[in-house]
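Okay, structure first, notes after.
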Amino acid sequence: MSAIVSRDLGRCSLRAVWERMQRFTDEREAHTPDEVWFVEHDPVFTFGLNADAIHLHDAGDIEVVNIDRGGQVTYHGPGQIVGYPILDLDNVFTDIHKYLRLLEEMVILTLQEYGLNAERSKGETGVWLDVGTPFARKICAMGVRASRWVSMHGFALN
């Protein structure tokens, strides 16, 4: 497996990054290295393919974008780390659920380095703090898509 290219895209709109991600994925060739993009988005709510409008009560002036990933509604904004692993899963394994569990594990281990006890919440995708208590809260949302087994979208770490 070759090295993965990491890119810091700074702060930019979700639409601009989404279009860039689609182009990058469409233009990939067999020798194209995998990449992970890190970005901070301008305020936006994204609706995944399975999203239900009941989960967004009032967006106010914040843009709402229907997007081609799994999951429900996710807010992106300044101060949040968004990671987009664009990986050819055909070179590793072709199992989206396994991929999501590995993304969760990566976030859990990273947060442990910062002294946070993060974990999975049974039956839910993402990473949580204080699971099993009245104070449980999601610290990392995830929504992915695979096209020809190349992953798109990723995680949003609060």
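A few points about this structure:
- Only a single criterion out of (1) charged (D, E, K, R); (2) over 25 Å from Leu9 (Cα atoms); (3) modelled with pLDDT of 95 or more is not satisfied by Glu113, namely (2).
- Of all residues in region 6-57, those satisfying the criterion of being hydrophobic (A, V, I, L, M, F, W, C) and modelled with pLDDT under 90 are Ala30, Phe45, Phe47, Leu49, Ala51, Ala53, Ile54, Leu56.
- Applying the set (1) over 12 Å from the mean Cα position of the chain (by Cα); (2) more than 16 Å from Met152 (Cα to Cα) to Tyr75 leaves exactly one unmet item: (1).
- Taken over region 56-75, the criterion of being of a type in the set (A, V, I, L, M, F, W, C) and either without any contact (Cβ under 8 Å) to a residue 24 or more places away in the chain or touching a Gly at 6+ places or on another chain (Cβ under 7 Å) (or both) is satisfied by Leu56, Ala59, Ile62, Val64, Ile67.
- Restricting attention to region 1-36 and to residues that are acidic (Asp, Glu) and under 19 Å from Asp68 (Cβ atoms), the residue that is least open to solvent (accessible area, probe 1.4 Å) turns out to be Glu35.
- Residues in region 129-147 that are without any contact (Cβ under 8 Å) to a residue 40 or more places away in the chain and surrounded by fewer than 20 Cβ atoms within 10 Å (Cβ to Cβ): Leu129, Asp130, Val131, Gly132, Thr133, Pro134, Phe135, Ala136, Arg137, Lys138, Ile139.
- Flag if Ile96 is open to solvent by 20 Å² or more (accessible area, probe 1.4 Å) and at pLDDT below 95: yes
- Tally of residues being free of Cβ contacts under 8 Å to residues at least 12 places away in the same chain and of a type in the set (Phe, Trp, Tyr) across region 85-103: 1
- Those residues of region 17-26 which are in contact with a strand residue (DSSP E or B) (Cβ under 9 Å, 6 or more places away or on another chain) and not polar (S, T, N, Q), in sequence order: Val17, Trp18, Arg20, Met21, Phe24, Asp26
The values are calculated or read from the model by the stated rules, or taken from the named source; none is laboratory data. These numbers were taken from a predicted model, which means no experiment stands behind them. Ideal geometry is used to build each Cβ from the backbone, glycine not excepted, and the neighbour counts take in all protein chains shown. Accessible surface areas use protein heavy atoms only, side chains included; no ligands, DNA or RNA. Shrake-Rupley method; radii C 1.70, N 1.55, O 1.52, S 1.80 Å.
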